[in-house]
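The values are calculated or read from the model by the stated rules, or taken from the named source; none is laboratory data. The model shown is predicted, which means the values in this text are computed figures rather than measured ones. For neighbour counting, all protein chains shown are included, and Cβ atoms are generated from backbone atoms with ideal geometry for every residue, glycine included. Ligands, DNA and RNA are excluded from the accessible area calculation, which covers all protein heavy atoms including side chains. Shrake-Rupley method; radii C 1.70, N 1.55, O 1.52, S 1.80 Å.
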Amino acid sequence: MEIFYEIKPLRAFLRGKRKNLSSIGLVPTMGALHQGHIELIKASRGQNDLTVCSIYVNPTQFNNAFDLEKYPRTLDSDKEKLEKAGCDVIFAPSNEEMYQTKSEIGFDVGEIGSVLEGEFRPGHFNGVAQVVCKLFNIIQPNRAYFGQKDFQQYKVIENLVDELQFDIQLTSVPIFRERSGLAMSSRNQRLNESEKANATVFYQSLLMASELVKKGEQFITVKNKVKQMCEATPNVKLEYIEWVDTKNLKPVQNVLDGSVLLIAGYVGDVRLIDNLLLE
Ligand code: AMP
């Protein structure tokens, strides 16, 4: 496995490899890797001759300085996990490397980035689009892998690829969960055991909500039940639960097919998200 901290040598390396390879897969991450990330690496390895994993905590996508400061950084153990998973290349740049010039170009991912997560984390998806564009340009992968866990992020990136006509095939990989149902997340590292147990309320809420909407319950009633369930769980604060169309993230009332339930909230000071596709 090769590790690059700088763009120039990475580009030179990939230029050399491209001559003899039919495809390169990219898995963009912010590190503090868990099995969810490794599933993305596996998906890429299954479809490409060479897999690049980027590890970069991108400051422009954080709208909260505390969250950025507290974001776990575990490069040494990330390297071990990636080596074991058969990843070929790690790209782990510094901020100076990624933002060598002052950012003059404004990113605006439009309406799809302004609802749900975009409402609670203003500017978040503009930062995501900025860094993903940079990574696509630096690595020029044939395929890129993202998790369903960040459902809205995937939609934003799909739009970005369509609109800017990147010749990159995207894949969404299903959410990998703990046995408890808790969606794996790097931010879970900041939870103690009892907080982790409390955090399962988000997945439980999604399951309950899905049962109720399938039975034809009004979504306003479902929302209230989820609120009550979260309020009854220590240290948990629900931010939102919404039921939307997977294509445009607009609210749906009764159509199950092609819809998704999305939830976000805090356990203590750690913000978590989760979602469940309905059919
Ligand atoms: P992050 O490091 O949190 O930015 O995540 C990097 C990629 O891994 C994103 O595409 C995430 O959606 C994906 N990911 C994170 N957690 C999971 C999970 N539990 N299951 C599947 N994919 C995940």
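Worth a mention:
- 21 Å Cα cut-off, lysine pairs counted over the stretch 151-230 (separation 8 or more, or different chains): 7
- Comparing Leu212, Leu135, Leu164 in a Gaussian network model of the chain, where Cα atoms under 10 Å apart are tied by springs, the biggest mean-square fluctuation is seen for Leu164.
- Computed [θ] at 222 nm, helices only, for the chain once each DSSP H run of length n ≥ 4 contributes -39500 (n - 2.57): -12000 deg cm²/dmol
- Each of Leu14, Ala199, Ile112 was scored by the projection of its Cα onto the charge dipole of the chain, and the greatest displacement toward the positive side belongs to Leu14; charges sit on the C-beta of Lys, Arg, Asp and Glu.
- The stretch 251-272-the stretch 164-197 distance, computed between alpha-carbon centres (Å): 14 Å
- Once the Kirkwood radius over Cα pairs is known for the stretch 186-278, the Stokes-Einstein relation at 20 °C and 1.002 mPa s delivers a diffusion coefficient of 160 µm²/s.
- Note, ³J(HN,Hα) from phi for the stretch 246-256, Karplus 6.51, -1.76, 1.60, rounded to Hz, x at Gly and Pro: 5, 6, 10, 6, 8, x, 10, 10, 9, 8, 7
- Among Glu39, Glu217, Glu242, the residue with the largest mean-square fluctuation in a Gaussian network model of the chain, with springs joining Cα atoms closer than 10 Å, is Glu217.
- Look at where the Cα atoms of the stretch 49-101 and of the stretch 215-231 average out, and the two centres are 38 Å apart.
- Between Glu80, Glu158, Glu211, the GNM of the chain built on Cα springs shorter than 10 angstrom shows Glu80 fluctuating the most.
- Between Lys237 and Gln165, the modelled labels are 4.6 nm apart [label points 7 Å from Cα along Cα→Cβ].
- Heavy atoms of the protein chains alone define the surface here; on that basis the stretch 126-279 has 47 Å² accessible area per residue at 1.4 Å probe size.
- Kyte-Doolittle mean at least 1.0 and Cα axial length at least 20 Å: DSSP H helices in the chain: 124-139
- Gyration tensor (alpha-carbon) shape descriptor, the stretch 2-173, a/c threshold 1.5: rounded
- Probe 1.4 Å, protein heavy atoms only - accessible area per residue of the stretch 1-119 in square angstrom: 53 Å²
- Taking only protein heavy atoms and a 1.4 Å probe, the accessible area of the chain is 47% carbon and sulfur.
- Surface listing: Glu279, Glu239 arranged by accessible area from highest to lowest gives Glu279, Glu239, probe 1.4 Å.
- Taking amide H positions as modeled 1.01 Å from N, with prolines and chain starts lacking one, the residues under 5 Å from Ile3 and 5 or more places away or on another chain are Ile90.
- Under 12 Å, Cβ to Cβ, from Cys53 - net charge with Lys/Arg +1 and Asp/Glu -1: 0
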